[in-house]
Amino acid sequence: MEFADGNTDLPKYSTDTIRFDTVFTTLGSAIRIFKIYNPYDKFLKIQKIELGQSFFRLNVDGLPGNSFENLEIRPKDSLYVFVEVTVNPDMPVSQSPFIILDSLNLLVNNVAQKIYLEAWGQNANYFPAKSNQGQISLLDLQGTTLVLDNTLPNIFYGVVYFDNGKLQIPKGTKIYVYGGITKAKNSQMRHFFIMMEES
């Protein structure tokens, strides 16, 4: 059995980021699938696949677990990887944060690689969309007043401009800012609290 074992002999992936974009309003789980391809005419060995935090679970070609070693992919073949997350959005932020970030760490021919994992935890209002990381968005209020909900946190994802209207922030409204103009996959969420009287 001959292996592609050079440090440039690396697998291809069907994606570099697994996103669970469902807003979990009750305790729930979701599954995403990606593939690891061997594009070579020789066998390819995955030295290690390892998962970090406990929010996510793995199943690699039918085998459950959080860590796998010495997986062989036949020439021109692939492995299926199933990633599952279970979220309870009503738990405290310390246990179920707004945005759950992790990575799937792989070692192939002594080269470290990552597949990024992103899921949505706590119930919140998201502006303008959860795919807006690193993007700039303009929200046209069309001459109306947008009153932020102070019963749930408000998460501004990316850079958001409000135009052609008024933004009203009731007392006690919580605002979180995430994603900004950075393209970094695991940029940290920043937050601040607005304590303004409703006008």
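Tabulated data
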| quantity | calculated |
| --- | --- |
| Filtered residue count, the range 32-65, keeping only those that are at pLDDT 90 or above, in a loop (DSSP other than H, G, I, E, B) and not charged (D, E, K, R) | 3 |
| Hits in the range 157-166 - residues which are farther than 15 Å from Asn125 by Cα and in a strand (DSSP E or B) | Val159, Tyr161, Phe162, Asp163, Lys166 |
| Checking Ser199 against (1) modelled with pLDDT of 75 or more; (2) among the hydroxyl-bearing types (Ser, Thr, Tyr); (3) exposed (fewer than 11 other Cβ atoms within 10 Å of the Cβ), the condition it does not meet | (1) |
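The values are calculated or read from the model by the stated rules, or taken from the named source; none is laboratory data. All of these numbers come straight from a predicted model, not from anything done at the bench. Every residue, glycine among them, receives a Cβ derived from its backbone with ideal geometry; neighbour counts consider all protein chains shown.
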